[in-house]
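Contents: one structure, followed by commentary.
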Amino acid sequence: MNAGPPDFDEKFRKKLGELFRWRRDVRSFRSDPVPDALFTGLLDYAALAPSVGLSQPWRFIRVDDPARRAKVRASFEACNAAALAGQADARAQAYARLKLAGLDDAPCQIAVCAEQNPAQGHGLGRQTMPETTRYSAVMAIHTLWLAARAQGLGVGWVSILDPADVMAALDVDANWDFIGYFCIGYPKTESDAPELERLGWERRRAQKIEVLRR
């Protein structure tokens, strides 16, 4: 145990701000493998995330099996085709140009779930808001994401998937809620600007967040 709290000086705060700015949703990966020790370290950081009632409901599944990856890829293809068909004409061509998944290149792929009613935590804080177990899993994801960026890795969130398809492909506990599927690896290119902004899909709003006062 530390004798006292650490000194987060101005130099550290500046570097932390750079980490936030350079945390990007990566879609193009190099094929270099992610060392097992490095991946384990990311999970160690993820375990430090806050969770409702200290329940730590996140469940990480590393997807290495080619057959299971192929099933996830098939779900993406079907969902992406449906999404493209639903785009208005003015947006369809722009949508078709987007690289929306790193499923073909990312050396490391994981799924993250949340246990619906974990024994750990004894139900504290989730009687009126049971969805906080899912929120806790998202916090673990974000913690891992920042840790990955600090190690030179990129993370991409593949959200164009059918959760039921993914859960079936992974064959995990039916009482877990699917939260997301992620690609992890070394990015081909790096930028502090969101790729969707650079490709003209959307513009980020000003950094200032509007706060309602009541």
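The values are calculated or read from the model by the stated rules, or taken from the named source; none is laboratory data. Source: prediction; values computed, not measured. Don't worry about glycine lacking a Cβ; one is built from the backbone with ideal geometry, like all the others, and counts go over all protein chains shown.
Looking across segment 168-191, the residues that are under 25 Å from Pro35 (Cα atoms), not in a strand (DSSP E or B) and not aliphatic (A, V, I, L, M) come down to Tyr186, Lys188, Thr189, Glu190, Ser191. For segment 124-131, the count of residues that are at pLDDT 95 or above, more than 25 Å from Arg30 (Cα to Cα), hydroxyl-bearing (Ser, Thr, Tyr) and over 19 Å from the mean Cα position of the chain (by Cα) is at least one. Looking at the structure I just gave you, is Ser28 of a type outside the set (D, E, K, R) and within 30 Å of Gln127 (Cα to Cα)? When the stated conditions are applied, Ser28 does not pass them. Exactly one residue out of Ala174, Ala114, Ala193, Ala169 is of a type in the set (A, V, I, L, M) and under 17 Å from the mean Cα position of the chain (by Cα): that is Ala114. Considering segment 31-52, the residues that are hydroxyl-bearing (Ser, Thr, Tyr) and in a helix (DSSP H, G or I) include one that is nearest to the chain's Cα centre (by Cα), namely Tyr45.
Under the condition of being without any contact (Cβ under 8 Å) to a residue 60 or more places away in the chain and crowded, with 16+ Cβ neighbours inside 10 Å, the residues counted in segment 164-214 number 1. Of all residues assigned to segment 33-40, at least one qualifies as being buried (at least 18 other Cβ atoms within 10 Å of the Cβ) and touching a residue at least 12 places away in the same chain (Cβ under 8 Å). Please work out if Gln127 is among the polar types (S, T, N, Q) and over 30 Å from Gly53 (Cα atoms). Here the answer is no, as Gln127 does not meet what is asked.
Entry remark, segment 78-116: residues being touching a residue at least 60 places away in the same chain (Cβ under 8 Å) and of a type in the set (A, V, I, L, M) number 12 in total. Screening Leu103, Leu144, Leu161 for residues that are in contact with a strand residue (DSSP E or B) (Cβ under 9 Å, 6 or more places away or on another chain), modelled with pLDDT of 95 or more, surrounded by 15 or more Cβ atoms within 10 Å (Cβ to Cβ) and not in a helix (DSSP H, G or I) leaves exactly one candidate, Leu161. Scanning segment 62-91 for residues that are modelled with pLDDT of 95 or more, touching a Phe, Trp or Tyr at 6+ places or on another chain (Cβ under 9 Å) and either in a strand (DSSP E or B) or over 17 Å from Ser159 (Cβ atoms) (or both) turns up just one, Arg62. Only one of the numbered conditions (1) outside any helix (DSSP H, G or I); (2) closer than 21 Å to Phe182 by Cα; (3) without any contact (Cβ under 8 Å) to a residue 60 or more places away in the chain; (4) not hydroxyl-bearing (Ser, Thr, Tyr) is violated by Ala119, and that is (2). Would you call Ala94 out of contact with any Lys or Arg (no Cβ under 9 Å at 6 or more places or on another chain), of a type in the set (Gly, Ala, Ser), closer than 26 Å to Asp171 by Cα and exposed (fewer than 15 other Cβ atoms within 10 Å of the Cβ)? No.
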